[in-house]
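Could you have a look at this structure, given as structure tokens, before my questions?
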Amino acid sequence: MTRGIMIAAPASGSGKTTITLGLLRALSRHGIKVTGAKSGPDYIDPRFHEAACGQPCCNLDAWAMTPERIRALAAGAQDLLVVEGAMGLFDGAPPDGRGSSADLAAILGTPVILVVDAARMAQSVAPLITGFRDHDTRLMGHFAGVILNRVGSPRHEAMLRRALEPVLPVLGAVPRNAGLSHPSRHLGLVQAHERPDLEAFLDHAADLVESHIDLAAIQSAAGTVSTAPSSPGLTPPAQRIAVAQDEAFAFAYPHILADWRALGAEISFFSPLADEVPGPADFIFLPGGYPELHAGRIAASTRFLTGLTKAAETTEIYGECGGYMVLGEGLVDADGTRHQMLGLLPLETSFANRKLHLGYRSLTASEGPFRGRFAAHEFHYASTLKAEGAPLFEAQDAEGTALPPMGLISGRVSGSFAHIIDAAN
């Protein structure tokens with residue numbers, strides 16, 4: 001039996017990621033086999049979860065995945081599953097918030113703990129939390145309590161606790177602490193492996209959690225998670241799959257790689273930044289990441305560039321988002337410098353004039369390695385200067401509105417800006 005809780009918040013920026021990381025590290029210190037999970041399409045937070053507790057972290061996406069798929073992925077947890085929500089509890093895709101953390105909590109049956117940024121409020125916390133508690137009939141009776149964050153003083157904490165007495169239990173009150181800030185960049189937080197102070201940061205978060213949050217109450221609040229047997233996953237595109245993996249190509253969903261392995265595929269890894277070439281493979285996958293931050297190194301990796309150009313003569317190659325840009329002819333970085341890329345697709349991209357592209361996507365392909373219908377997500381700031389040739393996907397947004405075709409396909413090489421999450425519901 002898997003037990004779990006969801007750590008959610010009224011809004012982004014409330015501190016739920018830091019609280020979640022502190023809980024994961026603190027609980028694991030006490031010998032609890034705790035596993036983290038992240039709501040929605042996020043590549044950054046799950047790697048922090050893994051570093052905090054030493055267990056693999058999966059994405060659970062209530063927009064892109066079926067309830068059966070979500071419950072099957074959640075079944076991998078051991079003693080305790082801690083699910084970190086995304087954005088505000090009820091925030092999801094347009095027009096009605098589908099795929100929200102509240103949807104995920106309803107699917108899993110997990111009690112919800114709200115992290116509230118209390119820095120600029122006192123008694124007003126009561127109507128705020130009352131509204132969240134009573135808003136969704138699916139979650140009524142499933143709110144386990146509140147963690148107050150960024151509390152200013154003992155007097156401030158006392159006012160907040162008094163206001164919340166008739167509303168929900170207060171499970172902890174964490175004071176303001178500048179040492180728990182995350183460095184960020186244009187696509188969110190710096191990746192876990194890029195923080196030289198990662199262990200110290202996680203230990204500091206855990207120390208604060210142990211000092212200011214009732215860990216026994218957190219464990220008691222956990223409820224039985226609704227799980228399911230393993231569900232069919234994504235069919236591997238080939239028997240032998242080589243995946244680029246390093247600081248520039250870090251955004252591959254673990255559940256997709258696990259699907260491929262479970263269905264018999266052999267997966268190997270190589271690092272373009274180390275100028276490596278893939279080993280024997282029938283399919284080469286360039287995931288997303290931050291190639292724009294390493295474009296000069298990629299352009300200088302002659303063995304990698306030559307090796308993939310040669311491989312394209314006989315092997316299918318697919319790129320997502322950052323990987324897609326590397327398959328193109330050139331990439332212009334934020335300083336306006338153009339770097340020569342693989343030249344396997346007639347594509348030029350640029351970060352000199354950034355523009356946000358964000359949202360869930362429904363994709364349909366009749367050619368290429370991923371034929372059929374898929375649920376996906378797009379999040380990048382690159383501008384497309386040139387994209388010529390045959391598109392790879394027909395696309396719709398989360399509301400079902402038709403979008404311009406996405407991606408390109410040229411012979412054995414294809415890709416797009418969208419990150420595939422799962423087969424379409």
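The values are calculated or read from the model by the stated rules, or taken from the named source; none is laboratory data. Model, not experiment: these values are computed from the prediction. With ideal geometry, Cβ positions are generated from the backbone for all residues, glycine too; neighbour counts draw on all protein chains shown.
Free of Cβ contacts under 8 Å to residues at least 40 places away in the same chain and in contact with a helix residue (DSSP H, G or I) (Cβ under 9 Å, 6 or more places away or on another chain): which single residue out of Ser268, Ser301 fits that description?
So the residue among Ser268, Ser301 that is free of Cβ contacts under 8 Å to residues at least 40 places away in the same chain and in contact with a helix residue (DSSP H, G or I) (Cβ under 9 Å, 6 or more places away or on another chain) is Ser301.
Here's another thing I want to ask about it. Can you name every residue in the stretch 190-226 that is modelled with pLDDT of 95 or more and of a type in the set (S, T, N, Q)?
Ser211, Gln219, Ser220, Thr224, Ser226
Name the residue, out of Met159, Met140, that is closer than 25 Å to Gly4 by Cβ, assigned by TED's automatic domain parsing to the domain that holds Leu21 and either at pLDDT 95 or above or not acidic (Asp, Glu) (or both).
When all the criteria are applied, what remains is Met140.
Please state which one of Gly368, Gly372, Gly411 is crowded, with 17+ Cβ neighbours inside 10 Å and either in contact (Cβ under 8 Å) with a residue 24 or more places away in the chain or among the aliphatic types (A, V, I, L, M) (or both). Step through it out loud before you land on a result.
Values: Gly372 fails: crowded, with 17+ Cβ neighbours inside 10 Å; Gly411 fails: crowded, with 17+ Cβ neighbours inside 10 Å.
Criteria check complete, one pass: Gly368.
Cβ-Cβ under 7 Å, sequence separation 6+ or interchain: first residue in the stretch 133-155 and free of Cβ contacts under 8 Å to residues at least 24 places away in the same chain, partner assigned to a strand (DSSP E or B) and hydroxyl-bearing (Ser, Thr, Tyr). Which pairs?
Every condition considered, no pair remains.
Determine the pairs where a residue that is part of a loop (DSSP other than H, G, I, E, B), located within the stretch 2-21, has a partner that is of a type in the set (Ser, Thr, Tyr) with Cβ atoms under 8 Å apart, the partner being 6 or more residues away or on another chain.
Partner pairs satisfying both residue conditions: Thr2/Thr224; Thr2/Thr227.
Could you tell me which of the residues Ala72, Ala105, Ala118 is closer than 24 Å to Cys57 by Cβ, out of contact with any Pro (no Cβ under 7 Å at 6 or more places or on another chain) and among the hydrophobic types (A, V, I, L, M, F, W, C)? Explain how you work it out, then say what you get.
Values: Ala72 fails: out of contact with any Pro (no Cβ under 7 Å at 6 or more places or on another chain); Ala118 fails: closer than 24 Å to Cys57 by Cβ.
So the residue among Ala72, Ala105, Ala118 that is closer than 24 Å to Cys57 by Cβ, out of contact with any Pro (no Cβ under 7 Å at 6 or more places or on another chain) and among the hydrophobic types (A, V, I, L, M, F, W, C) is Ala105.
Of the numbered conditions (1) in contact (Cβ under 8 Å) with a residue 40 or more places away in the chain; (2) more than 23 Å from the chain's Cα centre (by Cα), Ser211 fails exactly one; give the number of that condition.
(1)
For the subset of the stretch 2-45 comprising residues that are charged (D, E, K, R) and more than 19 Å from the chain's Cα centre (by Cα), which member is surrounded by the fewest Cβ atoms within 10 Å (Cβ to Cβ)?
Residue satisfying both the conditions and the ranking: Lys33.
Condition first: touching a residue at least 24 places away in the same chain (Cβ under 8 Å) and assigned to a helix (DSSP H, G or I). Now tell me which residues in the stretch 123-132 satisfy that.
Result: Val125, Ala126, Leu128, Ile129, Thr130, Phe132.
Just need a number here: residues in the stretch 22-45 that are at pLDDT 95 or above and in a helix (DSSP H, G or I).
Of the residues in that region, 8 qualify.
Additional query: Within the stretch 106-119, is there a residue that is surrounded by fewer than 14 Cβ atoms within 10 Å (Cβ to Cβ) and without any contact (Cβ under 8 Å) to a residue 40 or more places away in the chain?
Applying the first criterion (surrounded by fewer than 14 Cβ atoms within 10 Å (Cβ to Cβ)) to the stretch 106-119 yields none.
No, there is no match, as no residue in the stretch 106-119 is surrounded by fewer than 14 Cβ atoms within 10 Å (Cβ to Cβ) and without any contact (Cβ under 8 Å) to a residue 40 or more places away in the chain.
If a residue must be over 18 Å from Gly322 (Cβ atoms) and touching a strand residue (DSSP E or B) at 6+ places or on another chain (Cβ under 9 Å), how many such residues does the stretch 379-408 contain?
Qualifying residue count, the stretch 379-408: 15.
Take Pro229 and tell me if it is assigned to a loop (DSSP other than H, G, I, E, B) and buried (at least 19 other Cβ atoms within 10 Å of the Cβ).
Judged against the criteria, Pro229 is not a match.
Here's another thing I want to ask about it. Do we find that Ala86 is under 18 Å from Thr20 (Cα atoms) and assigned by TED's automatic domain parsing to the domain that holds Asp197 in this structure?
Yes.
For residues in the stretch 46-95 being of a type in the set (Asp, Glu) and under 17 Å from Ala375 (Cα atoms), which is surrounded by the most Cβ atoms within 10 Å (Cβ to Cβ)?
The qualifying residue surrounded by the most Cβ atoms within 10 Å (Cβ to Cβ) is Asp61.
What tally of residues in the stretch 88-121 results from selecting those that are out of contact with any Phe, Trp or Tyr (no Cβ under 7 Å at 6 or more places or on another chain) and assigned to a strand (DSSP E or B)?
4
Now for a separate question. Among the residues of the stretch 69-85 satisfying the criterion of being over 21 Å from Asn425 (Cα atoms) and assigned to a loop (DSSP other than H, G, I, E, B), which is modelled with the highest pLDDT?
It comes out as Gly85.
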